[in-house]
Structure formats: C-alpha cells, structure tokens
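Working notes, beginning with the structure itself.
The values are calculated or read from the model by the stated rules, or taken from the named source; none is laboratory data. Nothing here was measured: the structure is a model prediction, and the numbers come from that model. All Cβ positions, even for glycine, are placed from backbone atoms using ideal geometry, and neighbour counts span all protein chains on display. Protein only, heavy atoms only, side chains kept; ligands, DNA and RNA dropped before computing areas. Shrake-Rupley method; radii C 1.70, N 1.55, O 1.52, S 1.80 Å.
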Amino acid sequence: MKSRELFLTAFSVALAGWSAPLYGQEVLPVPPAPFKGQIGLSAKDSKPDFPKPVEAPKGSPNVVVVLLDDVGFGASSTFGGPISTPTLERLAQHGLRYTQFHTAALSSPTRAALLTGRNHHSAHTGVIMEQGTGFPGYDSLLGKDTATVAEVLKQHGWNTAWFGKNHNVPDWQSSQAGPFDLWPTGLGFEKFYGFICAETDQWRPAAYDGTKAIEPYLGNPDYNFDYDIADQAIEWVRNQKAVAPDRPFFLYYAPGATHSPHHPKKEWIAKYKGQFDQGWDKVREETLARQKRLGLVPADTQLTERHADIPAWDSLSAEQKLLSAYMMEIYAGYLSQTDYNVGRVLDAIEQLGQLDNTLVIYICGDNGASAEGGMMGMTNEMVAINGGGLIDLREQINAKAMFQAALAHKEDLGTWKMHNHYPIGWAHAMDTPFQWAKQIASHYGGTRNGMVISWPARIKDQGGIRPQWHHVIDIVPTILDVAGLQQPSVVNGIAQKPIEGVSMAYSFDDAKAPSARRTQYFEMFGNRGIYHDGWVACTTPHFAPWREAGLFGATPVDVISGYKWELYHVADDFSEAVNLADKYPDKLHELQLLFYAEAAKYNVLPLDDSKTARMDVRVRPSLTRGRTEFTYYGTITRIPEGAAPDVKNKSFRITANLALPKGDEHGVVVTQGGYSGGYALLFNNGKPSFHYNFLNLAHFNIAAKDALKPGKHTVVFDFKYDGGGIAKGGMGVLSVDGQKVAEGRIGNTVPLRFSFYETFDVGEDTGTPVSLDYDVPFKFTGTIEKLVVNLKPQDISTQAAEEKVERELPAERALQGQD
C-alpha cells in the first residue's frame, strides 16, 4: 500500500474508532459553600460563618519536579555516564531509577507535555515557540482546556512556584506588552523566577521575576544564573514553610543547563581536566560497560554505530583533540554544577524536615543530548542559525574556520563572551547506547532520558530499578494519583481535554509489573515513530541536526512518501541496533497504520519537515507586521527581537532627538543584540558612532571625529542596503543636525536573527555589549527626547530571497509546494 493510501486508511480508522477516556467530574474552582451562619438585624443577633479556605488533603506530599535541559541518557553517572551527578545518585539510592522513560525530543514540546499530561500536539506545542504555525497541533497557544498540574494543585491547596527556564510563551507574546495569561503566573504558578525563551546567557541572563524584566547580574561580577535560581528556590521554600508549615508545595525547577551556551564556573570545569582525553568513541564504550554493570541495560545491549558524519576520534589532529576535550570538560562541569545546585535546594527541604514526604521527580533532560554544535563545536551559535543564509560567505564559516576561531579564544570558552557548544561526537557519546540525538523524535537518542523518582515516605524499594516503558505525559497523572486527586472536568469555566498520560504509581512497589503504557507516538520535524507493545517503527531521518548550519546539503523529499521506515523489536533490542524492517514487513505496515491513527487523534497532522521556514515571524501573529515606523521615548529595555524593528535585509534609518547637558556624554542610545551579533548607536566622550557586529566574525564602526557641543541635537544613522539578496552589506551615513559627520561600509549583515535572548534597548544596554569597547549597562548620560526607527521597502530580489530563504538553506524545504 502506498504511503498516502496508508495514511488515509489510518485516518479513517482513527476518526471512526476513537473515543475519549474517562476522567473526573470535578469542577475547579470549587463553588463556594452556602453560608451556614445566621444573619439578624444586628451583629450581636447574628452568627458568623467564614467560607472554609481550600486545603490540601491531610498528609499530602510536597512535589518537586526537576527538568534538566539537553542531557542525554548516557551523560550522568547515575545512568552510567562519565559526569558526576551525586544529587541524582543520592535520590536514586533512596528511590527508583526509570530506564525506559521518554520525552518529546525538543524543549517546548516536552515541557508542555510535562505540565499538562497531554501529548505535545494536543497541547498545541508540536514544535518550539519560535516555529509555531497556524494549525491546532502547532500554533504554540497552550489551551485553556489543558490546565497545568500547577493550576490543579493550586486550586486544591498547594503553593506553586516555577524557577528557571520557560520555553512555553508564544514568541509574539513574550514582550512587556503581554498578554501574560500564558506566562507561568497565568498557568497556575504563584511565583516565577527565570527566563522566557529557549536559552539564556548564564552570566548575564534575560531574567524575569514574575512578568517584570530584571538584571540580577549588574554589580555582581561572580553572578551565575544556575546558582541564583537555587538561591531563589531555597528562599521561597523557607518562606512558604515558615508561614504555612502544614501546606504542601509544588516546586518546578527547570535550570537552563545544559543547553548552550555552556556557562559553568571555572572551578567546575577544572574538576574534569584530562578526563575526556580518550575521546568520544572510547567514552561510549566505557559508558555502555558501566550501564551493563549497574544493571541499567540488558547484558546483550549493543552499541549502535557512529553516524558517518561524525569523525572517529583517532582521525582528529592533536589540536582538534585538545579543543574538543576541553569543550567536553566545560559541558561536564556544567552538568555537575547544575546537579550540585539541585542538591542545595533538596538540602534546604531536608533541613526543614520535609524531604521524607516530598515526591521528587528528577528528569535528566528534556530531550537527548544536543548535536547542534557542529563537527568541531562552536563559539557562537548564531553563526549556525544564520549560516545557511550567508551564501557568499559559506567558505568563511565552515567547520574549519569556526574551529580555528575557537582555538584562538580557548580561554574565553564558558564565559559571557562565548556562546559555546561542544562537537557532535560528544552529543553522540552522551546518548549512549542509542542512535541520533536531540530533535530526532524517531529514535531513542532523541527521546530516551534517565529519570529518578524519590518519595521516602512511600517508596520502600529504595535503590530499585524500574524498566517499565513510560513517557513524559505520565508525570501529571502520577502526581494527581499520589496526591489523591482526580482530573477535573472543568477548570476556570473551561471544559478540559482528558489527560492522555497514565499514572506510574503502580510501579513504585512492583519492579516486574507490566508497563501501563502500551502505545506512544513520536513526531518532530517530520521525523516520526510509534511504540507499541515492545516494537518501534520509525522513519529514517532525512537530514541530521548538525546539517542545519548551512554547511552541508540535503535533497528535499516528500514528507509523507519520501521517508524510509525502520523497525525494531525493543523488547529484545534495548538500543535499537537491529533494523528488522525487511524481515517483518507486515509488522512494519501494522505500526505505520497505528502511527497515522494516533497522528489523527492527537493533532499531529499536517506533517511538516521544514525548520527555517517556520522560524519566519511572518507566519505567526505579530506586533510589528506592517509597521515601518517605530517611536520610543526615554529609556526602554528588554524588547524581544520578535517585537522590535526588523532591520535585517533592508535599508533603515534611526533618528534620535537628544539633549546633551555637557558635551562629553557617553552611553548607548539604541541597540539590538549583543556580542554574538547586533548593532548600537552610542556615544563615547561626546562623539556619536554606529557599531555593527556581524556575528562576531567582523565588526564595523562608523564614528564621528569630534564631540558634539552641549544642547539639543538630532543624530541620524542612515543605512542603505545593497540589495540583491539576504545578508548583504551596505553604506552607512552618520549625520548630526543635517550634516554628515561620518560614513562607512558595513560589509555584511545578519540575515535571520541576532539572538534568541538578547533584546532591543533604548537608553542603555542589557545582557552583553555588541562591542568590547564598552560594557553594559552603559547608560546614556544625555536625554533621549525621541527616537524613531524607519524601515525602508526591500528591493524585489531581496524580498524574494527572504521569502524563499528555505530554498537557499540546505536541508530545508518550503511550506508551499508539498504534495
């Protein structure tokens, strides 16, 4: 049967045969009880009766959910890896290790599933926030019909808090204009302290307290976000228990680690000096041997083959080995530091006498290890994000050139000056024993993550191993189960979708109990798979995550009929090492049908394997669409890129009406981006200048020679784009009061994105500077009376190139024209 006929058959079966599972009939919030007092003519003739406050069931446990970022199954020592995680090991000694636990292969989708108990497409989060499209499974708008576990627990008497990463706010709603109903404080969390995006600089984070943007690193040269969120969580728990010792809490702790940039403190890096000199091939062998010795994998588990794109360690030069090993030392230090800070939070809970009745769920990764660092690692992720669009500069940004840049600045790796990431060989090693990595939902290398559950008051098989097959959607029903709560049918007036996960509590007392989860689909960027009763059918990835940097090519294929399928009997083949597709075609066909039935049921359709095309802000609602003029007054900071004037691939003009009291003013007038790429109009010693940072590959400075006199001035920077495509250069002219004071050429411009977390700021800079000639905040010492940014229309060829950027980017395909 052809692929499309197969799909249509399964689709019909799904629509005809699916019925929703049963769930509770509770309505939240609980309606107020009737007044039971007595009302007379006066108070002395009356009997008061206060409404009874909401209280959790007596003896209810505290709940702590820890979710790390980009940690593969074979990374932590707890699961046989080379990186020490004593906190996770301590929990495992007093709890249970789950060896067949799965995520959704990518950040936002896993997190949406974790918080709601629904599959990521059911929760409108088929991809990350920056790639949402206008289909129910992909629009990034977490539904009010999928209330979070925090909302349910809060309305039953738990205090709730979220510390760390939030990658679940639609990118057009992440500015200070809101709306804020999909921010943590709108999703049932009474406290939020963290960041709202895929990643952030750990030394200079784009942090929020609630919905307020803050800069906690200013004035603190030793600041590190990983330590800060631990401090904040400890303070919150102590305050909560001091005031309400009998009230349980729900604490969601989601560090930015170990997502790039890898930014641990130096002392953690030093702990791993020389420990990875043997290379990634040997580390894989050592890890699998430990996993077998610890009983985490079957004794006959095979080590899957290294992908042909990943170089053998022995093929590297001495310099390549030196730098690659150091990048891995940084990563290892990052994970150990993070585990240490998780331990600090748990120690504080134990100090309060609360740990015994605290359910701790520690998930070691939201997906597999990240293979987005390229062949030899990276010093600036934004080169990779933008690299494919730089058609004329591809030779300058190849893997060899990026390696040489990293080698020249080795001591800056791990600091705020670098957005560093390790080579793909290490990602593969951290996913031992599996194939593939983060993003690849079809294979366990993208979805298998170690997890530990500890609850001393309840779990008696301390140190036990649990092989039951489970998925991240099973966390919410587990929490509700142990808390003695049912899923509500209505929350805040909205009828709820049934929870799609199952409780794992049955496994606490029975290591040999059959898995309660028998079927689970996977899908991300067209890579898809289905687990059912010990079998996995999955597509062969058409292109690898490391090919997205634009340095390698791949021929597009049809997303339905162009993908090959593989088949694994994972009940006997733990690592998916033996492809049985040719041996059992009928079983493969059966599972393909099942996949499309599940896809129809859970809003997975339509399938789409494009990536860069979906990064285009024009495919989503926007605060900037159609605007060509942006006006600002005074100081305004932390406007995210999606809400800022888009000066890329076009001519633009910045007009600043300024009052200079002394004539020796300094500071930033306006800036966007940071040291990984961006621009700034600024003053030094009264002299205006415009600085353009092209992905830290080249810097261009256009500066006036003379300082301006005190008084009011109009400073204008006018950029005329060359046109003819994206990422081109142009001429810049700086003028004051209508007179040209400087001009110069900007050789190339950033085509797609300056940063995921650096912002647009007026009157000062946040995060990192675009140039090392100053440092943040570098507040402007004059007065900005008015600042206007005007965008000019693009020429036809540039507009066409931008609209069809996916055609210029290897390994991408257009949203249009797919049959």
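Listed values, structure above:
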{"quantity": "Exclusive hit being touching a residue at least 12 places away in the same chain (Cβ under 8 Å), open to solvent by 40 Å² or more (accessible area, probe 1.4 Å) and under 29 Å from the mean Cα position of the chain (by Cα), set Arg528, Arg518", "calculated": "Arg518"}
{"quantity": "Conditions (1) under 25 Å from the mean Cα position of the chain (by Cα); (2) part of a helix (DSSP H, G or I); number of the one not met by Val64", "calculated": "(2)"}
{"quantity": "Breaking point among (1) open to solvent by less than 10 Å² (accessible area, probe 1.4 Å); (2) in contact with a Pro (Cβ under 9 Å, 6 or more places away or on another chain); (3) not in a strand (DSSP E or B), for Ala104", "calculated": "(2)"}
{"quantity": "Elements of type strands (runs of 3 or more DSSP E) contained in the range 652-735, each with 1 or more residues being out of contact with any Cys (no Cβ under 7 Å at 6 or more places or on another chain), farther than 20 Å from Tyr633 by Cα and free of Cβ contacts under 8 Å to residues at least 60 places away in the same chain", "calculated": "687-694, 698-703"}
{"quantity": "Thr125 being modelled with pLDDT under 95 and within 13 Å of Val604 (Cα to Cα)", "calculated": "no"}
{"quantity": "Pairs, first buried (at least 22 other Cβ atoms within 10 Å of the Cβ) in the range 232-257, second basic (Lys, Arg) and assigned to a strand (DSSP E or B), C-beta under 8 Å, six or more apart", "calculated": "Ala254/Lys165; Pro255/Lys165; Gly256/Lys165"}
{"quantity": "So Met382, is it open to solvent by less than 10 Å² (accessible area, probe 1.4 Å), in contact with a strand residue (DSSP E or B) (Cβ under 6 Å, 6 or more places away or on another chain) and at pLDDT below 95", "calculated": "yes"}
{"quantity": "Residue within the range 156-163 that is hydrophobic (A, V, I, L, M, F, W, C) and under 30 Å from Asp609 (Cα atoms) present", "calculated": "no"}
{"quantity": "Qualifying residue in the range 359-368 (condition: in a loop (DSSP other than H, G, I, E, B), hydroxyl-bearing (Ser, Thr, Tyr) and either at pLDDT 95 or above or farther than 22 Å from Glu305 by Cβ (or both))", "calculated": "no"}
{"quantity": "Criterion (over 28 Å from Thr539 (Cα atoms), open to solvent by less than 10 Å² (accessible area, probe 1.4 Å) and modelled with pLDDT of 95 or more) met by exactly one of Ile459, Ile397", "calculated": "Ile459"}
{"quantity": "Test: residue in the range 259-267 that is over 27 Å from Phe760 (Cα atoms) and surrounded by 14 or more Cβ atoms within 10 Å (Cβ to Cβ)", "calculated": "yes"}
{"quantity": "Residue that is modelled with the highest pLDDT [pool: residues in the range 748-765 that are β-branched (Val, Ile, Thr) and in a loop (DSSP other than H, G, I, E, B)]", "calculated": "Thr759"}
{"quantity": "Looking only at the range 226-251, and only at residues there that are of a type in the set (D, E, K, R) and under 21 Å from the mean Cα position of the chain (by Cα), the one that is nearest to Val476 (Cα to Cα)", "calculated": "Asp226"}
{"quantity": "Restricting the range 42-61 to residues that are over 34 Å from the mean Cα position of the chain (by Cα) and hydrophobic (A, V, I, L, M, F, W, C), the residue that is farthest from Gln100 (Cα to Cα)", "calculated": "Ala43"}
{"quantity": "Scan of the range 495-554 for residues that are of a type in the set (Asp, Glu), under 25 Å from Trp565 (Cα atoms) and modelled with pLDDT of 95 or more, ordered by number", "calculated": "Glu523, Asp533"}
{"quantity": "Qualifying residue in the range 2-11 (condition: of a type in the set (Asp, Glu), at pLDDT below 95 and open to solvent by 90 Å² or more (accessible area, probe 1.4 Å))", "calculated": "yes"}
{"quantity": "Options Thr768, Thr781, Thr714; residue that is of a type in the set (Val, Ile, Thr), more than 23 Å from Leu660 (Cα to Cα) and modelled with pLDDT of 95 or more", "calculated": "Thr768"}
{"quantity": "Only one of Asp49, Asp70 that is open to solvent by less than 10 Å² (accessible area, probe 1.4 Å) and of a type in the set (Asp, Glu)", "calculated": "Asp70"}
{"quantity": "Test for Arg344: is it under 27 Å from the mean Cα position of the chain (by Cα), assigned to a helix (DSSP H, G or I), surrounded by fewer than 19 Cβ atoms within 10 Å (Cβ to Cβ) and among the basic types (Lys, Arg)", "calculated": "yes"}
{"quantity": "Given (1) under 30 Å from Gly747 (Cα atoms); (2) open to solvent by 10 Å² or more (accessible area, probe 1.4 Å); (3) out of contact with any Lys or Arg (no Cβ under 6 Å at 6 or more places or on another chain); (4) of a type in the set (A, V, I, L, M, F, W, C), index of the condition Leu413 fails", "calculated": "(2)"}
{"quantity": "Subset of the range 424-443 [closer than 17 Å to Gly80 by Cβ, out of contact with any Lys or Arg (no Cβ under 7 Å at 6 or more places or on another chain) and of a type in the set (Phe, Trp, Tyr)]", "calculated": "Trp426"}
{"quantity": "Hits in the range 336-354 (condition: under 13 Å from Gln202 (Cβ atoms) and of a type in the set (A, V, I, L, M, F, W, C))", "calculated": "none"}
{"quantity": "Scope the range 151-170; condition closer than 27 Å to Pro640 by Cα and aliphatic (A, V, I, L, M); matching residues", "calculated": "Ala161, Val169"}
{"quantity": "Residue list for the range 677-689, restricted to those being under 21 Å from Asn380 (Cβ atoms) and touching a Leu at 6+ places or on another chain (Cβ under 7 Å)", "calculated": "Gly677"}
{"quantity": "Within the range 157-178, considering residues that are open to solvent by 20 Å² or more (accessible area, probe 1.4 Å) and assigned to a loop (DSSP other than H, G, I, E, B), the one farthest from Ile234 (Cα to Cα)", "calculated": "Ala177"}
{"quantity": "Tabulated pairs, the range 583-603, first free of Cβ contacts under 8 Å to residues at least 60 places away in the same chain, second among the aromatic types (Phe, Trp, Tyr) and open to solvent by 20 Å² or more (accessible area, probe 1.4 Å), C-beta under 7 angstrom, 6+ apart or interchain", "calculated": "Lys587/Trp535; Leu588/Trp565"}
{"quantity": "Residues satisfying the stated conditions in the range 204-231, i.e. in a strand (DSSP E or B) and open to solvent by less than 10 Å² (accessible area, probe 1.4 Å)", "calculated": "Ala207"}
{"quantity": "Counted residues, the range 775-794 - those being in a loop (DSSP other than H, G, I, E, B), in contact (Cβ under 8 Å) with a residue 12 or more places away in the chain and over 27 Å from Tyr721 (Cα atoms)", "calculated": "6"}
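Conditions tested, residue by residue: (1) under 30 Å from Met378 (Cα atoms); (2) among the basic types (Lys, Arg); (3) part of a loop (DSSP other than H, G, I, E, B).
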{"position": "Tyr531", "(1), (2), (3)": "no, no, no"}
{"position": "Leu567", "(1), (2), (3)": "no, no, no"}
{"position": "Lys583", "(1), (2), (3)": "no, yes, yes"}
{"position": "Glu598", "(1), (2), (3)": "no, no, no"}
{"position": "Leu605", "(1), (2), (3)": "no, no, yes"}
{"position": "Asp609", "(1), (2), (3)": "yes, no, yes"}
{"position": "Thr631", "(1), (2), (3)": "no, no, no"}
